[in-house]
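Engineer: Once you've had a glance at the structure underneath, I'll fire off some questions.
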Amino acid sequence: MNTTTPQYDVVIVGAGVSGAMMAKQLGLAGKKVLILEAGARIPPNNNEFMQRFYMGVAKVPEIPYTPEIFTPSGSLELTNPATLNAGRPNTMTLDASSWQDPNKAYMIQQGPLPFSSTYERIAGGTMRHWLGTSLRNVPNDFKMKTTYGKFVDWPLSYDDIEPWYEKAEWEIGVSADKAQQAYLGITFAPNYQYPMKPIPPSLVDVAVTKAVTGQSFEGIPLVVTETPAGRNSQPYQNRRPCAGNTNCIPICPIQAKYDPSITLNMALDTGNVTILAQTVASEIIVDDNDLVSQINYIQYDDILGPATGKGSVTAKRYVLAAHAIETPKLCFMSTNNGRTPNGVANSSGQMGRNLMDHPLYLAWAQAPEPVFGFRGPLATSGIESMRDGSFRSDRAAFRIEIGNEGWNFSIGDPWTTTLDFINGMNVSQLNPPPAGSSASPALWGPDLVTALNKGFSHQFRLGFLVEQSPEESNYVTLSKTEFDHLGLPRPQIVYDLSQYTRAGFVAAKQTADAIFNLMGATQFTTPPAANDPSAFDVVIDGKPDRLKFFGAGHIVGTYRMGDDSKTSVVDANQRSWDHKNLFLVGSGNFCTVATANPTLTIAALALKAAATVLEDLG
């Protein structure tokens, strides 16, 4: 095994938003930084990704990026994760036939419900299928135990993190209006302003706003607020303003939306940051003083090829930024010949525990008047007024995302409805059989054009991102039977939704119904199929019902921070309680999932951790 010379101040595992943010700050301060990145190196432009997106047979979030979902390319046969050197989950493996099939699904799912969010393992790719939503947490998100008697408090407050939110918003480039964002206790420094003005609201936003203004649900006002967006409303960071493409997920073709490759390139430009791509960290070595002494890695040249080398690297400080599933996996693999039998940084037994997401309830409808979706970013406004309130003592909160992409997320439009009209089908419910007939009509010519115009111009959807309670019974561990092509164990997941979270889903459905009624909209939300693994039973208004959840991609909570080493993995500075020269950053250190999309908080905490590491290094 070759060991690199000890020339680095900091080694960072992972080049997503946390790793990139920290690398840039450390590099600017003159510190020598090495990043170990499991995925491919950053390409010089997006052309390869865009070509793969255009040609992909499934427009799912992972389709533009390596490794290929299907093999051979263009087929509908899913790539076996056991053949990949740096596998990752994808949304094509979440149906009843594949979510527990290790030959199709990278994560080994034990249920009872599937963990339905995915992630990338490519430099900067962690957020390339990120929508750009850049919300701050509300103050009560940090003190759920104190305020509502639920879960745990974070070891820091809103006031503690507020200055770091400001720095993160300027690093990302957030378009928003401070006055609109001052709700539910959110405050700003007196002279602070966002980098850019908000993205203008869509016609869908206008229609929802008109219907709900002055209305409430269960005593909570329904207030539409423009969404802070990590995308340009004007030129910023030498990038163009948003051009209104509705494929922000999976990829912005002009990079008006921020992604970590922007910060990562700035880090590399300092001349103090080096990145080793296609380099999978495989073990963390701890010395007799409980300090990390080196990180071992395995390298490969081709995603399907053999390992091409092994090595190790040493530094003064080490940072794990490999996501809320891959970071615990690396820690669990690091047993140090039995000296850390439960894995590195795990004296509390909390490593891998409290896996959370924002499980999403999706509802869709046709507005009474045209709202002309399929234009602009995927979401430009939301209803944030339901993110906090006394109800959180009993059930989960949620925010409501107003979708601009018609029924693309909901049923795969425009393709589904178009095929219905052309082929005489009715999957979308927009081409029902005429009276006296059992068959849907097949349309062409002017009739087809009229039907398409009417069907698409009225479509919109609502997405309810529901707060999930932290439960030790939801966890990540190592599979004992399934491995990747490098011989490393794949992540094994146990996952369910608590009654607290399910009660939030009931409120979400009732709220959706109420909003559609206020708008005079016709709802087309379909009940889940009988064999849908993401469906679960509830009782609504005394009657049994069945709801379905989607993954929001907000994977948090597997190495949470705290003020007690017995109940948490890291402290408020994201330093390991067990190993003083080890930091674990990213969404895994969240104590609760809170009510905001997590990226801005991830970035803020990474900047805070960078300041701590710099203080350590002098």
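Bear in mind that the values in this text are calculations on the coordinates, not laboratory data. Predicted model only: the values in this text are computed from it and were never measured. Don't worry about glycine lacking a Cβ; one is built from the backbone with ideal geometry, like all the others, and counts go over all protein chains shown.
Engineer: HN-Hα J couplings of the range 342-350 from phi, Karplus 6.51/-1.76/1.60, θ = phi - 60°, integer Hz, Gly and Pro as x?
Structural biologist: Karplus-based 3J(HN,Hα) across the range 342-350 equals 9, x, 5, 6, 10, 5, 7, x, 8 Hz.
Engineer: When only C-alpha pairs under 8 Å and at least 6 residues apart count, what is the relative contact order of the range 531-609, in percent? Each step should come with its number before you reach the end.
Structural biologist: Numbers: 108 pairs, mean separation 17.8, N = 79.
Relative CO of the range 531-609 lands at 23 percent.
Engineer: Around SER282, which amide H atoms from residues at least 5 apart in sequence, or from another chain, sit under 5 Å from its own amide H, with H modelled in the peptide plane?
Structural biologist: Amide H to amide H, under 5 Å and 5 or more residues apart or across chains, SER282 pairs with ASN296, TYR297, ILE298.
Engineer: Another one. Identify, among ILE249, MET333, ILE172, the residue whose Cα sits farthest towards the positive end of the charge dipole of the chain, taking +1 on the Cβ of Lys and Arg and -1 on the Cβ of Asp and Glu, with the dipole about the Cα centre.
Structural biologist: Selected residue: ILE172.
Engineer: I want to make sure I understand the PRE zone here: with the label point 7 angstrom from the Cα of ARG339 toward its beta carbon, which residues in the range 311-328 have backbone N atoms less than 14 Å away?
Structural biologist: none
Engineer: How big is the dipole moment of the chain about its Cα centre under a simple scheme where the beta carbon of each Lys and Arg is +1, that of each Asp and Glu is -1, and everything else is neutral? Debye, nearest 20, please. Can you show the working numbers first?
Structural biologist: Details: 47 positive and 57 negative charges, 105 e Å.
Taking the Cα centre of the chain as origin, the dipole is about 500 debye.
Engineer: Given a Förster distance of 45 angstrom, what is the FRET efficiency for ASN191 paired with GLN100, based on the Cβ-Cβ distance and rounded to 0.05?
Structural biologist: Working: r = 54 Å, r/R0 = 1.20.
Once the sixth-power term is evaluated, E becomes 0.25.
Engineer: A further question on this structure: Going by amide H atoms built from the backbone, whose H comes under 5 Å of the H on PHE374, apart from near neighbours?
Structural biologist: Those qualifying (amide H under 5 Å, at least 5 residues apart or on another chain) are GLU405, GLY406.
Engineer: What label, among [x] 52; [y] 56; [z] 49, belongs to percent of Cα pairs over 31 Å apart computed from the structure on display?
Structural biologist: [z]
Engineer: Using the Cβ atoms and a cut-off under 13 Å, what net charge is assigned to the surroundings of PRO198, where Lys and Arg are +1 and Asp and Glu are -1?
Structural biologist: Taking every other residue near PRO198 into account, the sum is -1.
Engineer: I would also like to ask the following. Would you mind computing Rg(Cα) / (2.2 N^0.38 Å) for the range 91-238, counting N as its residues? The partial results should precede the final answer.
Structural biologist: Numbers: Rg = 19.5 Å, N = 148, 2.2 N^0.38 = 14.7 Å.
The value comes to 1.33.
Engineer: Non-local amide H neighbours of GLN109 (under 5 Å, H modeled in plane, Pro and chain starts lacking H): which ones?
Structural biologist: For GLN109, whose amide H was placed from the backbone, the distant partners under 5 Å are ILE493.
Engineer: Let me ask another. Can you show me the helix-derived [θ] at 222 nm for the chain, built from DSSP H runs with n ≥ 4 at -39,500 (n - 2.57) apiece and divided by the number of residues, rounded to the nearest 500. Could you put the intermediate results ahead of the total?
Structural biologist: On the way: 13 runs with 142 residues, N = 618.
The helix-only estimate for the chain comes to -7000 deg cm²/dmol at 222 nm.
Engineer: Would you please name the trypsin sites (Lys or Arg not before Pro) within the range 483-583 that are DSSP coil residues with at most 12 other C-beta atoms within 10 Å of their C-beta? The partial results should precede the final answer.
Structural biologist: Details: sites: ARG502, LYS509, ARG546, LYS548, ARG560, LYS566, ARG575, LYS580; in loops: ARG560, LYS566, LYS580.
Sparse-neighbourhood loop trypsin sites (Lys or Arg not before Pro): LYS566.
Engineer: Further question: Order these peptides, 471-479, 381-389, by their mean beta-carbon neighbour count within 10 angstrom, highest first. Working shown, then result.
Structural biologist: On the way: 471-479: 18.8, 381-389: 23.6.
Averaged packing, sorted descending, gives the order 381-389, 471-479.
Engineer: Let me check against my output: what whole-number percent is the relative contact order of the chain, with C-alpha pairs under 8 Å and at least 6 apart? Intermediate results must be reported in sequence, preceding the final value.
Structural biologist: Values: 1488 pairs, mean separation 133.8, N = 618.
Relative contact order, the chain: 22 percent.
Engineer: How far apart, in nanometres, would the label points at LYS210 and ASN47 be if each is projected 7 angstrom from Cα along the Cα-to-Cβ direction?
Structural biologist: If labels sit at LYS210 and ASN47, their model points lie 4.5 nm apart.
Engineer: How far, in nm, would the chain grow between ASN531 and ARG375 when pulled straight, counting 0.36 nm per residue and subtracting the alpha carbon separation? Write down the numbers at each step before the final one.
Structural biologist: Numbers: separation 156, 0.36 × 156 = 56.16 nm, distance 3.40 nm.
Roughly 52.8 nm would be gained on extension.
Engineer: Taking loop as defined by DSSP and a crowding limit of 12 other beta carbons within 10 Å, which GluC sites (Glu not before Pro) in the range 63-142 fit?
Structural biologist: Numbers: sites: GLU68, GLU77, GLU120; in loops: GLU68, GLU77, GLU120.
Those satisfying the criteria are GLU77.
Engineer: Just add up the charged neighbours of SER479: K/R +1, D/E -1, any other residue whose Cβ is under 14 Å from the Cβ of SER479.
Structural biologist: On the way: positive: LYS329, LYS480, ARG490; negative: ASP101, GLU326, GLU482, ASP484.
Here the count lands on -1.
Engineer: Oh, and also: Find out how many positive minus negative residues lie around LYS167, taking Lys and Arg as positive, Asp and Glu as negative, among other residues whose Cβ is under 12 Å from that of LYS167. Don't skip to the answer; put the middle values down first.
Structural biologist: Values: positive: LYS24, LYS608; negative: GLU162, GLU166, GLU169, GLU171.
Charge balance near LYS167 sits at -2.
Engineer: Please figure out what share of the DSSP beta bridges in the chain is antiparallel and state it in percent, rounded to the nearest 5.
Structural biologist: Details: 59 of 82 bridges.
The answer is about 70 percent antiparallel.
Engineer: Also, I was wondering about something else. Which pairs, out of LYS210/LYS454; LYS32/LYS580; LYS329/LYS580; LYS257/LYS316; LYS24/LYS316; LYS150/LYS210, put more than 27 Å between their alpha-carbon atoms? Don't skip to the end; give the middle numbers.
Structural biologist: Working: LYS210/LYS454 21 Å; LYS32/LYS580 19 Å; LYS329/LYS580 20 Å; LYS257/LYS316 34 Å; LYS24/LYS316 17 Å; LYS150/LYS210 35 Å.
Distance filter (> 27 Å) returns LYS257/LYS316; LYS150/LYS210.
Engineer: In addition: Which distance in Å, rounded to a whole number, links the C-alpha centroids of the range 1-70 and the range 544-617?
Structural biologist: Between the Cα centre of the range 1-70 and that of the range 544-617, the gap is 20 Å.
Engineer: Whole-Hz ³J(HN,Hα) for each residue in the range 302-317, computed from phi via Karplus 6.51 cos²θ - 1.76 cosθ + 1.60 with θ = phi - 60°, x for glycine and proline: what do you get?
Structural biologist: Those phi angles translate into 10, 4, 9, x, x, 4, 10, x, 10, x, 8, 9, 10, 7, 7, 9 Hz.
Engineer: Counting other beta carbons within 10 Å of each Cβ, put VAL506, VAL313, VAL449 in order, fewest first.
Structural biologist: VAL449, VAL506, VAL313
Engineer: Further, regarding this structure: What ³J(HN,Hα) values, in whole Hz, does the Karplus curve 6.51 cos²θ - 1.76 cosθ + 1.60 give for the range 606-618 when θ = phi - 60°, with x put for Gly and Pro?
Structural biologist: 5, 5, 5, 5, 4, 5, 5, 4, 4, 5, 4, 7, x
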